[in-house]
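The values are calculated or read from the model by the stated rules, or taken from the named source; none is laboratory data. In this text the structure is predicted, and so the values were computed from the model without any measurement. Neighbour counts run over all protein chains shown; Cβ positions are idealised from the backbone, glycine included.
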Amino acid sequence: MSKNLKIFLGASYLLILFSFLYFIFTAIEINRLNDFTYYKEIQSNLDAFISANLITNLIYFFLFAIIWVALLGFGSPILIISGLLFGQFLGTLISVISISVGAVVLYSIGNFFFRDLVKLILKNRFENYIKLFQKNEFFYFFIYRFIGGLGVPFGLQNLIPILFGMKKINYFFSSLLGFIPGFFIINTIGAGLNSYLEQAEEFSTIDLILTKEIYLPILMFSILMILSFFIKKKFFNNAN
């Protein structure tokens, strides 16, 4: 493939990225973001829409999540949305699979179009980690996903394997398995928010925090963070 064609395709990808983000954010009614009834309306409409045809909407969400992640979208909003729409278990299943696929797509795009740029920006910062990943890319990338990517923004997390040429099959399954604990917790929070929006008449921060469906997953998330700290210390600190 010629250099000019690569530049054209890369530029097209960036244009699609910004167009997609513009479409998403212009769909939000900014002037109603401080109106609790706005969120209740959205929750009610979404529940009715999802219930009308669950399978079709799962497919729509699956495709949307893949595109979102492939276009460098943040992971957390997708997880909250999947919990809101599909509940903690089905939401976790669909988000884990779709985000893993989207991450592989982004990795493939980045490896083809932006490999030199990624290496230029990230290689020095992660040089010691690269040596670690090369010892056992599946195991260490699984741990890397499990502990939340060492604090690296989600989009960049998905591109770091470019630095050591990770096999796509290892990339996908280590991501899939490593995502499960954290994704389940965030989906549970999303499902809890859905229940709160459905039941509450007005917004109260205290009532929200004291809702069982909210404080339990937050507690689980805190435990996961503590566990991740010790795992990071054991496997990654020596790489520095």
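Brief remarks on what is shown
- Verdict on residue 162 being among the β-branched types (Val, Ile, Thr), crowded, with 20+ Cβ neighbours inside 10 Å and within 27 Å of residue 84 (Cα to Cα): no
- Any hit, segment 211-219, residues being out of contact with any Pro (no Cβ under 8 Å at 6 or more places or on another chain), under 30 Å from residue 114 (Cα atoms), part of a helix (DSSP H, G or I) and β-branched (Val, Ile, Thr): no
Yes/no matrix, rows are residues, columns are (1) hydrophobic (A, V, I, L, M, F, W, C); (2) touching a Gly at 6+ places or on another chain (Cβ under 7 Å); (3) closer than 15 Å to residue 161 by Cα:
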| site | (1), (2), (3) |
| --- | --- |
| 68 | yes, yes, no |
| 92 | no, no, no |
| 107 | no, no, yes |
| 115 | no, no, yes |
| 118 | yes, yes, yes |
| 122 | yes, no, yes |
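- Enumeration of residues in segment 193-204 that are in contact (Cβ under 8 Å) with a residue 60 or more places away in the chain and either buried (at least 17 other Cβ atoms within 10 Å of the Cβ) or part of a helix (DSSP H, G or I) (or both): 193, 194, 197, 198
- Residue 50 under 30 Å from residue 212 (Cα atoms), touching a Leu at 6+ places or on another chain (Cβ under 7 Å) and surrounded by 15 or more Cβ atoms within 10 Å (Cβ to Cβ): yes
- When restricted to residues that are assigned to a helix (DSSP H, G or I) and either in contact with a Ser or Thr (Cβ under 6 Å, 6 or more places away or on another chain) or under 26 Å from residue 120 (Cβ atoms) (or both), segment 162-191 contains 13.
- Residues of segment 132-159 satisfying the condition of being surrounded by fewer than 16 Cβ atoms within 10 Å (Cβ to Cβ) and within 18 Å of the chain's Cα centre (by Cα): 150, 151, 153
- Selection of segment 95-125 for residues being among the β-branched types (Val, Ile, Thr), in contact (Cβ under 8 Å) with a residue 12 or more places away in the chain and farther than 20 Å from residue 221 by Cα yields 97, 101, 104, 105, 109, 118.
- Condition check for residue 91: closer than 30 Å to residue 55 by Cβ and over 16 Å from the mean Cα position of the chain (by Cα): no
- Condition broken by residue 129, with the remaining ones in (1) of a type in the set (Ser, Thr, Tyr); (2) surrounded by fewer than 18 Cβ atoms within 10 Å (Cβ to Cβ); (3) farther than 25 Å from residue 14 by Cβ satisfied: (2)
- The residues of segment 205-226 that are more than 20 Å from the chain's Cα centre (by Cα) and either aromatic (Phe, Trp, Tyr) or surrounded by 13 or more Cβ atoms within 10 Å (Cβ to Cβ) (or both), listed by number, are 207, 208, 211, 213, 215, 216.
- Residues that are within 11 Å of the chain's Cα centre (by Cα) and either modelled with pLDDT under 85 or hydroxyl-bearing (Ser, Thr, Tyr) (or both) within segment 94-121 comprise 95, 98, 100, listed in sequence order.
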